[in-house]
Amino acid sequence: MAEPEIPQEFLGDHARVLAEVAETGRRLTRDELETRRTLGREAAEAGHQLRALVNLHLSATRSAWPRGAIGAGATATDAVLAAVEQAVDAFAEGFERAQRLTVRREEAARREFIDDLPYGRSDLGRLAERATRFGLRLSRAHAVAVASGPEAYTETDTVPRSVEAALLARFSGRKILLTTKDGRLVCIAPGSQPDVLRYFAKQAHAATDGGQVAVGRPHRGPGGVVHSYDEALDALDLAQRMGLDEPVLYAADLLVYPVLTRDRQAMADLVRSELGPLKEARGGAEPLLQTLSVYFDAGCVAAETARRLSLSVRALTYRLERIHQLTGSDPSDPMHRYTLQTAVIGAQLLDWPAKEL
């Protein structure tokens, strides 16, 4: 497709100036240089390409080359060429200034949009309109993935740039928004394209030296992005409290935990009544609470639990018996196991016994 023709108005009085330079040998005046900068700025704002504009100037120079420059010898030719160099340089300076200003404005608008998007602070209808400018159609379902690493990241850091480059190389035609928020990497993608967020998780985990990634569920509309973002953040927070070390966490797989803590008071009562007696053990409740947690994670297999705790099976058996004595609940009894395991999860969620309930 051919580029649109550039209006001759961006040449200004280029031909007249060259004629005067050929005749007098003078250099461009300060006002003439400022005029060229202004024309460059206006051309940039009109959306023209600098390469095409330079070609326009060179073509106009050849067409309007003063005949006197050839007849007057090398001196006049040098003067004309120097004037062309000055003119094009000033024009390009104005063009580049306008471009830098445009880039800064775009970056500010993108940052403002990103700051509004995860929290829904802006009018949702207006937010949806702004989203199309950045490749998102918020009327459709979107999902959000959040990656947390050992340090806080900004958009200009190497890690976000490397992850973005990998995503663009693989999904160049997809509508994806990659940014940073509160030091974490954030990726927003259509909910119908889970492969994008899976690939983002893989790249972010590697780029952040083993950082953890959480993926929210797809939700529709501008408020859906907020919801999915909150789910991803909650998953990261839950992983920290529960000691979950999986590299990628999916909010859909963790729905049981919000359900368990929805009635916080009831959960606190269960923890106190079921696990409170463990405080009477020598060394406090923490060692026995950890034993229960590992025991349940190991599928209630004594040998595997002992291995993970670096204990003998005999020592583990003693601990389980002690728990039975103190709480009245037998971890090996299926009838008691569910209540104990629920209480252990509640203790982790509520940070008991470090915090009093």
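Each reported figure results from applying straightforward, stated rules to the coordinates on display, with no laboratory input. Computed from a prediction, not measured in an experiment: that's the story for all the values here. Cβ coordinates were reconstructed from backbone atoms using ideal geometry, including for glycine residues, and neighbour counts include every protein chain displayed.
Based on the alpha carbons, how large is the Rg to Rh ratio for the chain when Rh follows Kirkwood?
Numbers: Rg = 33.6 Å, Rh = 26.0 Å.
Result for the chain is an Rg/Rh of 1.29.
Restricting to Cα pairs below 8 Å that are 6+ residues apart, what does the relative contact order work out to for the chain? Please round to a whole percent.
12 percent
Quick one: putting +1 on the C-beta of Lys and Arg, -1 on the C-beta of Asp and Glu, what dipole do you get for the chain around its Cα centre, in Debye to the nearest 20?
Values: 45 positive and 49 negative charges, 92 e Å.
It works out to roughly 440 debye.
Of Asp13, Asp330, how do they rank once you tally other Cβ atoms within 10 Å and put the fewest first? Walk me through the intermediate numbers first.
Details: Asp13 11, Asp330 16.
Ranked by crowding around the Cβ, least crowded first: Asp13, Asp330.
Identify all lysines with a Cα-Cα distance to Lys181 below 24 Å; exclude those on the same chain that are fewer than 8 residues away in sequence.
Hits, sequence-local ones excluded: Lys202.
Quick check: the angle from helix 264-275's long axis to the longest principal axis of the chain, C-alpha only, nearest 10 degrees?
40 degrees
Determine, for Ser192, Ser63, the number of other Cβ atoms within 10 Å of each Cβ, and report the residues in order from fewest to most. Numbers along the way, then the final one.
On the way: Ser192 12, Ser63 8.
The fewest-first ordering by Cβ neighbours comes to Ser63, Ser192.
With r as the distance between the Cβ atoms of Leu244 and Thr77 and R0 = 56 Å, compute the FRET efficiency 1/(1 + (r/R0)^6) and round to 0.05.
Numbers: r = 76 Å, r/R0 = 1.35.
FRET efficiency, Thr77 to Leu244: 0.15.
Between helix 14-24 and the chain, what is the angle of the helix's C-alpha long axis to the longest principal axis, kept within 0 to 90° and rounded to the nearest 10?
50 degrees
Let me know the charge dipole size of the stretch 141-251 about its Cα centre in debye, to the nearest 20, where only the beta-carbon of Lys, Arg (+1) and Asp, Glu (-1) is charged.
With only Lys, Arg, Asp and Glu charged at Cβ, the dipole is about 500 debye.
Excluding residues on the same chain fewer than 8 positions from Lys279, give the aspartates and glutamates whose Cα lies under 19 Å from its Cα.
Once the sequence-local aspartates and glutamates are set aside, what remains near Lys279 is Asp269, Glu321, Asp330, Asp351, Glu356.
What list do you get for Met242, Met267, Met335 if you sort them by fewest beta carbons within 10 Å? Show your work: numbers first, answer last.
Numbers: Met242 14, Met267 21, Met335 8.
By the 10 Å Cβ count, ascending, the order reads Met335, Met242, Met267.
Going toward the positive end of the dipole of the stretch 141-251, with +1 on Lys and Arg Cβ and -1 on Asp and Glu Cβ, which of Gly243, His142, Thr154 do you reach last?
His142
What is the antiparallel percent of DSSP beta bridges lying wholly in the chain, to the nearest 5?
Numbers: 17 of 20 bridges.
For the chain, the DSSP antiparallel bridge percentage is about 85.
Restricting things to Cα coordinates, could you compute the convex hull volume per residue of the stretch 141-251 in Å³?
On the way: hull volume 9.7 nm³, N = 111.
Per residue, the Cα convex hull of the stretch 141-251 comes to 87 Å³.
Expressed as a fraction of 2.2 N^0.38 Å, the rule-of-thumb size for a compact globular protein of N residues, what is the C-alpha radius of gyration of the stretch 195-327? Don't jump to the answer; show the numbers that get you there.
Numbers: Rg = 18.8 Å, N = 133, 2.2 N^0.38 = 14.1 Å.
With N residues counted in the stretch 195-327, Rg over 2.2 N^0.38 Å equals 1.33.
Enumerate the calculated ³J(HN,Hα) couplings along the stretch 291-296 in order (Karplus 6.51 cos²θ - 1.76 cosθ + 1.60, θ = phi - 60°), each rounded to whole Hz, writing x wherever the residue is Gly or Pro.
4, 4, 4, 5, 4, 6
Would you mind computing the Rg to Rh ratio of the stretch 262-337 from its alpha-carbon coordinates, Kirkwood style for Rh?
Dividing the radius of gyration by the Kirkwood radius yields 0.98.
Which Cα, out of Gln193, Leu11, Ala90, lies furthest along the positive dipole direction of the chain (beta carbon charges, K/R +1, D/E -1)?
Gln193
Given the -39500 (n - 2.57) contribution per DSSP H run of 4+ residues, what per-residue ellipticity at 222 nm results for the chain, rounded to the nearest 500 deg cm²/dmol?
Numbers: 15 runs with 216 residues, N = 357.
Calculated from helices alone, the mean residue ellipticity at 222 nm is -19500 deg cm²/dmol.
Rounded to the nearest 0.05, what FRET efficiency is calculated for Arg26 and Ser59 with R0 set to 22 Å and r the Cβ-Cβ distance? Could you put the intermediate results ahead of the total?
Details: r = 24 Å, r/R0 = 1.08.
With R0 = 22 Å, the Cβ-Cβ based efficiency is 0.40.
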